[in-house]
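The values are calculated or read from the model by the stated rules, or taken from the named source; none is laboratory data. Keep in mind that this is a model prediction, so the values were computed, not measured. Quick reminder, even Gly has a Cβ in these numbers, built from the backbone with ideal geometry, and neighbours come from all protein chains shown. All accessible areas refer to the heavy atoms of the entire protein, side chains included, with ligands and DNA or RNA removed. Shrake-Rupley method; radii C 1.70, N 1.55, O 1.52, S 1.80 Å.
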Amino acid sequence: MEYKIIKNTQLVNKITHTSDINIPISVIPRDKHLISRRDISNNALKVLYYLNNAGYEAYLVGGSIRDLFLGKKPKDFDIATNATPEQICKLFRNCHLVGRRFRLVHIKFSYEIIEVSTFRSSHEQTNIINNNKIHQAQSGMLLRDNIFGNIEDDAIRRDFTINSLYYKINDFSLRDYVSGFEDLKNGMIRLIGDPKIRYREDPVRMLRAIRFACKLNMKIDDETAKYIPKLAFLLKDIPSARLFEESIKLFQTGQGFKTYKQLKHYNLFKLLFPLIEQNFTINNNSPMELIIDQVLQNTDYRIKNNKRVNPAFLFATMLWYPLEKYTERLSQKNGLTYYESFFISMNYILSEQCRSIAIPKKFTTTMRDIWQIQLRLLRYQGKKANKLLEHPKFKASFNLLELRANVEQQHKLNKLVNLWSKALIN
Ligand code: ATP
Ligand code: MG
């Protein structure tokens, strides 16, 4: 069989829908790429074979192909097929329909879930074909996107070219409709289609561009990068629960520090953490800025060493100085005690923060614990200290005190850290 490898980078930015263009396909045969069947989960292979044997097209696609190519371990294995969700479910007993935004199928195995999605159509095309089935907000954001299509449609509705490679199990070849293979080799993050349209459809793609660039150590293509600061404001329309999920991926998957710097650079950070943004200084050296650098570097270090990380600690630390500042302002203005102001301020900081990022209650409860214990840590009372030592959140709270002492370099805080660490050892 003869394979054609076509360089179609120029075309990628112009694609809007498949009907007015014949999308050239590049087929990369097995001997031209390093993806091996041995690195693919057995369950994913099973699903691919089952679908194929039943007469459907089915491919491994997305992040798993990208990560395998880069020699990284994929987080999960996603499959795209021309079988509808109902047809998929007829084949597998362990099958569940999920998803509000998209109708997806989860095939559950004992230790793994394989996500299978039916090829989806490109949005613009769908808009023309059937105005009733798709809704776009004023901003151009997609509100529903669940119309089936063919593999070409599916390829161009994905976010980045490197996320749009399809692995075929029958001949182990890769199918590439958007020059993703070339971009993967060159370490380039490039949106498929017109960035202005694609970011408006789903502004989270801006966060994903930064995340993948940092995680995979890649460059963001100029066109893809250019519109991010201009369209950053669109993140305001994203549900805060989705931004919580996304922020965990941004800050707690091993490249949090680098990602934070890039989010600031691209004007995105302020949409996620407006309270923090308000307190940034020209020299970037306030205790708040120093503690954020420190906690994110520590988080990256813990992840590299397979240690657990808790979003509650991360958010409590990042928001500590905005909380302290608000408490001081409130107690001066209203003549309340520091303690009273502190409690009102905790509520204020959390409710403001949850407008952009909806931190689930189980984490905000821990954040409150960590914050309140800061006040108790200020009074070290010899033997009575034992009670506080037993508090389940003592260790996390003490860690925050240590970080504060580190960035503030105040004699009083350093002394307290010494006293508490001795108590902890005894
Ligand atoms: P990882 O799981 O490692 O974070 P991923 O690329 O697998 O990265 P997922 O969120 O699991 O990311 O999505 C799977 C695939 O779905 C992506 O590779 C991409 O092809 C497509 N996709 C995900 N989010 C979007 C989006 N917002 N717009 C368009 N396509 C998307
Ligand atoms: Mg994935």
Residue list for region 167-179, restricted to those being closer than 22 Å to Leu45 by Cβ and buried (at least 23 other Cβ atoms within 10 Å of the Cβ): Tyr167, Leu174, Asp176
Extreme residue, farthest from Leu234 (Cα to Cα), among residues of region 247-285 that are part of a loop (DSSP other than H, G, I, E, B) and open to solvent by less than 20 Å² (accessible area, probe 1.4 Å): Gly254
Which of the residues belonging to region 76-113 are touching a residue at least 60 places away in the same chain (Cβ under 8 Å) and more than 16 Å from ligand 2 (Cβ to nearest atom)? Asn82, Thr84, Phe109
Selected residue [hydrophobic (A, V, I, L, M, F, W, C), at pLDDT 85 or above and within 16 Å of ligand 2 (Cβ to nearest atom)] from Ile162, Ile169, Ile156, Ile151: Ile162
Determine the pairs where a residue that is assigned to a helix (DSSP H, G or I), located within region 26-44, has a partner that is polar (S, T, N, Q) and modelled with pLDDT of 95 or more with Cβ atoms under 9 Å apart, the partner being 6 or more residues away or on another chain. Arg30/Ser173; Lys32/Ser173; Ala44/Ser64
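Here's the yes/no breakdown for (1) away from ligand 1 (no atom under 16 Å from the Cβ); (2) farther than 27 Å from Glu402 by Cα; (3) touching a helix residue (DSSP H, G or I) at 6+ places or on another chain (Cβ under 9 Å); (4) not hydroxyl-bearing (Ser, Thr, Tyr):
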site	(1), (2), (3), (4)
Asp222	yes, yes, no, yes
Ser286	yes, no, yes, no
Thr299	yes, no, yes, no
Leu319	yes, no, yes, yes
Could you go through region 217-238 and let me know if any residue there is out of contact with any strand residue (DSSP E or B) (no Cβ under 6 Å at 6 or more places or on another chain) and within 16 Å of ligand 2 (Cβ to nearest atom). no
Test Gly71 against the criterion of being modelled with pLDDT of 95 or more and on the phi > 0 side of the Ramachandran plot, and give yes or no. no
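Conditions (1) over 17 Å from Lys261 (Cα atoms); (2) open to solvent by less than 10 Å² (accessible area, probe 1.4 Å); (3) among the hydroxyl-bearing types (Ser, Thr, Tyr), marked per residue:
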{"site": "Pro195", "(1), (2), (3)": "yes, yes, no"}
{"site": "Arg200", "(1), (2), (3)": "yes, no, no"}
{"site": "Ile210", "(1), (2), (3)": "no, yes, no"}
{"site": "Asp222", "(1), (2), (3)": "yes, no, no"}
Across region 294-307, which residue is most open to solvent (accessible area, probe 1.4 Å) among those that are touching a Lys or Arg at 6+ places or on another chain (Cβ under 9 Å) and without any contact (Cβ under 8 Å) to a residue 40 or more places away in the chain? Tyr301
